[in-house]
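Worksheet for the structure shown next.
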């Protein structure tokens, strides 16, 4: 049933297994965190519906791929646009009105939660909990290529590399004029106005972009996790944690934090009973935030009591 | 009263059961409102605290045959204690990180409830929790319900006590205006900790009842959604409003029953309703004008005759001595060896061109910035290394360039906030409404009214501070600073934006204040005012002392004129 | 001031009371109405606790197909005591925490027996209420705990439980596959835990210790690490205990990725179409799940005619789609039929008498198998009525999407 | 001479406080107007109103023939009216270069044109070129002010409004800065300078308005106003008459 060679797993190999699965999970957490940040940057709003957006991206693309047999890139484009637009609607209906008049600034918690409720229920009516298996887009595959005994699939490699690429892509985007404007709005709204920048427009664009990015994340997650309606919930909290540990609004921070979480988890799965995973994460979060109150890559609004 | 008895009128257990559950939830929401609504700390982990209370109670009752009452007490302590272990570090973080930590904490708790099988019976949870009994007689569901009603009422009254006390004012200040809070001698961290401890304890109590009314509890009961539910309750009801959580919880329990046939679309409808509510009633149900009618307003009945001798007398007379103060902000030298001296009972003016370091000096004195070197002596104690609330407690009161009042609070309460450290009743006493509380309460109210009378605003004591015109806000802020009966009063551009008449009033006030032995240090551009009231002046330029002396001398000094008219450059900005 | 403010809040009380009471009246009206019906109308009211909303709503729906079929059959045959059955449904929003409220709601609406909810933790949280109110109750939970007739004298388990599954798995591994090295992979949930425990117990009977037992978080997104550990422990058979199909898919993709194909055994969630469609032939070759003997066939012995007829009915229900098996083995079908039998004999609907009759049931020929109860043991079946069936036979026409071939 | 900016009977306030109570100003194309007055006299508020950050409660603002009162700040910037706020209001976390880039927001320019504008700014303030990659936050006060100015110049405004450019700067720097402003003016940019350092402002401006308590208390050729009693009172407060 298996060859003797595959049997020999020394500690070093186990170490690589941890690393690989940690990086895989970490990549997804990081992507979610980044999509969080994109919205957060100019608006200072945590979109609680983010998890559901990711889920929409994953389910949507899965259907287009498996049911309608669209080519993967068309499907990807379609869901990114669709979810992007949806997020724009969210901004217009649920966020902008609340931000325009701040009631202790917490109104948006509820409105975004409400949007999350609406999406997840509509989806619950449309699809059951039966997950949809999504194959890795060719020529990639989920099969392990045993490189020097290190088990990693071509899709995992692609995912990790792509994540790095995307993170630095987004980072680069914030060095484009648009990105600089977004950062400017984040830093000083009035000053931005004086330069002729319209903060409202910036935040609308950020929402659309953040939504599309969430959809992309969902798409990338489905070959690993298989698309399901529960996917959002799984990724939301970890993404939130990654975003916070990394430093709100910091893309690179999210990358570091995402991998930190992923690897920590994978390590736990080997040495700790699953009941203690969150404990480890809590300790991680606390120790990072107490040393660096603004998160790993301290961002502008690292205000503490 | 009839309302709480209503559920008893229906035959069948369902309504009663739901009513009981509603009360349990209400209990938690009332507690959470204290933390999130008043102290402004968003907790997404309260479900776990309820869980701790429930498990402690259930296990003690079932496995150790403790009585409900004792177990409940234990539950309260466990919830409170465990919560504090988490909150002690977390409360030092900013709001959102606090939310994250509470969220993770909640998951940890539920995980451990499973993991610690030997104690908690793992997934299957605690089954068959006995009903509470009072000396041998086992309470029926109705009796449990009534006990719970009593508890809710007591807790509600206790929180009302706390909210209307100095602690409540401190919490709101910590939420809306940390600067004003610490300038009034409130320790942000301690006040938040207090709020958390209270709400955690209440959650524990709720947990105890949750256990006995449900008779079976499993780790799954205390999920994240469970925690978020309470957040929804208070926001829907109106956070920071006493009745908010009550109304919010009721809304959530009545709605599904009213939906009836639409059941399977319930959650969707919730979502839409929430959205609509937040868009049209951002302050929650209690924020609706309809409810505004009967929201508590301060009623001022006591007509006091103003005895300035008492309210204006500083706790003790102290001088201010500043020696060789230095401060840099990245690369910019704000203060370069400033020194000045203000004698108790005198008015000293600090003037100079924009950005010459005047406000920086005030901030350094009141502890908002820590000088790189130099001393700030209040009497004989060096406060240069203390945090703002400690400095305030050493007898330093201040106002800000733009008045930092709490807009949603009555003018009277704003002034009373200033008296925070002169009240003595502990939170414990407040909750139990012991004698000292009432004396404190009356004293601070009378003092505040006197001060308002002194600044000529007693007629507006009931109004919301936010609704006052600018000039009057300044006067209120001065009254607040005085409420602490400071030895040293720092005024940062009090004249800015005042009308001529208000200006005269201000001048008289400041003189009156100093007459009673308070040292006044005033930063002001309006030289007319300076000339009129101050006995001595220090002129700053580029973070250094340019001239010192009586008003006349200083204004004769050509250097000063030049600095002002700006032939020379002025000091580094801040 | 105290005075005046209290006066204010009193007037407030008035308005508030007004609003709320009107609300409460409105709501109470609904229930009041129904309980009123309960007295007058001449139907037998059976309460059905189920998830109409939330996460498990769609996946548990098939088990209630059994209810519809049974009700149709019974009412067509003259109902119970000549009165037709009326099913009263109440939604638990898929959350176990809601069960006590749901059960009370049903009791208030005057039901005489209760079926559901589906799910071990759901049923456990419901059973404490039904027991205290002494009402006949057929839960839809699979833990052994629920087979305890002493603890829950009024709740009956009209289905298999994890110990039966454990026996079937162990028997298959030892007697058919002749494997001695067994690895167990269970999710960190009530079901996973009891499934794993049962398997270990059953294996002990054959003197076998599992070479490895791994538990994973329900939110885990990669199981390869666990699989690698089990493989390096030398496992030749992999026993998988999880409820959502997600776990099986992750396991399958993991095995696929590691190119490791031990015999794969698990509960009947293995029969999910998603698995059949996605898993590679190497995996399916040795993959089997626990299934009731009556729902299986072999080359020599086909499925019973009664079951086939039942299956045909099941297939007409859209909500059974993709989970026809669960619809076919619904615990509630046999419950309702046995209930009718007993009550019609007793000539009256009385919980105590029904309980006595149920407790003395021996080899009642149910859809799911030979059903027997004793006062102590409220589990309908015995271990030998549970067998392992192949996943691949799902494609066999004889399966009709319902049955499977015995492994 | 045709007026680039024409303000008629402007009223502005925050909430209850009326800060500016009806003032009128005219700035000719290519002119250099200074507004002087002590702190709290409403100078900055006036500029905030002109640039659209505050909505006037009454009165009209006509810029280059268009009524801009009530327009959004971005529209006003597009029309060529630029406001360099008091205290620079730079984006301290971004580099000097990035800040200059932001000066180009909303413009569609050829790379050649862009390069030209950089050259102009860099030639005006060489130090910005040297330090183009450092965070704006760690520049010295003077350099920050130059950057703020440079950022505004990237837009090539028709009217440049400077609010307290000298604020907190050493004399040498101020000279440098004001020279730059003068040279801009010579290149034809119209300038509105708000300064509390009267003497200097009056030296370089050609017309000046004196403000006190939200009112224009005097207007005239800058040269004449220098050292006048009017200005002196506006500053050292009329504290003689309170005696």
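No value in this document is a laboratory result; all are computed from the given coordinates. In this text the structure is predicted, and so the values were computed from the model without any measurement. Methodologically, a virtual Cβ is constructed for each residue, glycine included, from the backbone with ideal geometry; neighbour enumeration extends over all protein chains shown.
Put the Cα centre of segment B:228-278 next to the Cα centre of segment B:4-31 and the gap is 16 Å. Any chance you could give the angle, 0 to 90 degrees and rounded to 10, that helix B:14-32 forms with the longest Cα principal axis of chain B? The angle comes out near 20 degrees. In nanometres, what is the gap between the two model label sites at residue C:209 and residue B:433, each 7 Å from Cα along Cα-to-Cβ? Going by the 7 Å Cα→Cβ label model, 6.7 nm. Protection proxy ranking, highest mean first, for peptides B:115-123, B:78-86: B:78-86, B:115-123, where packing is the per-residue count of other beta-carbon atoms within 10 Å, averaged. Largest mean-square fluctuation among C:123, C:162, C:361, in a Gaussian network model of chain C whose springs join Cα atoms under 10 Å apart, belongs to C:361. Of all DSSP bridge pairs formed entirely within chain B, close to 60 percent run antiparallel.
Eigenvalues of the alpha-carbon gyration tensor of chain B, scaled by 5 and square-rooted, set the equivalent ellipsoid semi-axes at 54, 24, 21 angstrom, largest first. Going 7 Å from the Cα of residue C:312 along its beta-carbon direction, which residues of segment C:321-338 have the amide nitrogen within less than 17 Å of the resulting point? Correct set: C:328. Centroid-to-centroid, using Cα positions, segment B:87-122 and segment C:209-258 are 28 Å apart.
Rounded to the nearest 0.05, the FRET efficiency derived from the C-beta distance between residue A:161 and residue A:271 at R0 = 22 Å is 0.20.
Over chain B, Cα pairs under 8 Å with separation of 6+ residues give a relative contact order of 17 percent. Note on residue C:81 and residue D:55: their simple-model spin labels are 7.3 nm apart, each label 7 Å out from Cα toward Cβ.
What order do you get for D:140-152, C:148-160 when each peptide is scored by the mean count of other beta carbon atoms within 10 Å, highest first?
Working: D:140-152: 23.8, C:148-160: 22.3.
Listed from highest to lowest mean packing, they are D:140-152, C:148-160.
Using only Cα atoms, figure out Rg for the protein assembly as shown and give it as a multiple of 2.2 N^0.38 Å. All intermediate terms of the calculation are to be shown ahead of the outcome.
On the way: Rg = 37.5 Å, N = 1529, 2.2 N^0.38 = 35.7 Å.
Relative to the rule-of-thumb radius for its length, the protein assembly as shown sits at 1.05.
Note on segment B:405-485: Cα Rg divided by 2.2 N^0.38 Å, N the number of residues, gives 1.09.
Given the convex hull over the Cα atoms of segment B:2-229, what projected area results after averaging over all orientations, in nm²?
On the way: hull surface 51.1 nm².
Mean orientational projected area (segment B:2-229, Cα hull): 12.8 nm².
Between the C-alpha center of segment D:1-66 and that of segment A:132-146 there is a gap of 66 Å.
Other protein chain C-beta atoms within 10 Å of residue C-beta, averaged over D:85-96: 5.
Let a ≥ b ≥ c be the square roots of the eigenvalues of the Cα gyration tensor of segment C:151-197; is it rounded (a/c under 1.5), or, if not, prolate (a/b larger than b/c) or oblate? If you can, show how the numbers build up before the last one.
Values: a/c = 3.99, a/b = 1.69, b/c = 2.36.
Here segment C:151-197 falls in the oblate category.
DSSP beta bridges fully contained in the protein assembly as shown are about 45 percent antiparallel. Other protein chain C-beta atoms within 10 Å of residue C-beta, averaged over C:177-189: 1.
For a paramagnetic label modelled on residue B:315 (point 7 Å from Cα along Cα→Cβ), amide N atoms under 19 Å away belong, within segment B:371-389, to B:376-389.
With bins 10 Å wide beginning at 0, the percent of Cα pairs of segment C:244-311 falling in each bin runs 19, 44, 26, 11, 1. The label-point distance for residue D:186 and residue D:66, in a model that sets each label 7 Å from Cα toward Cβ, rounds to 3.1 nm. Taking only the C-alpha atoms of chain D, Rg followed by Dmax gives 17.8, 64 Å. The packing ranking, built from the mean of other Cβ atoms within 10 Å per residue, places the peptides B:136-147, C:179-190, C:325-336, A:221-232 in the order C:325-336, A:221-232, C:179-190, B:136-147, highest first. For the peptide C:123-136, the mean number of other protein chain Cβ atoms found within 10 angstrom of a residue's Cβ is 3. Only helical runs count toward this figure. For chain B, summing -39,500 (n - 2.57) over DSSP H runs of n ≥ 4 and dividing by all residues gives -17000 deg cm²/dmol at 222 nm.
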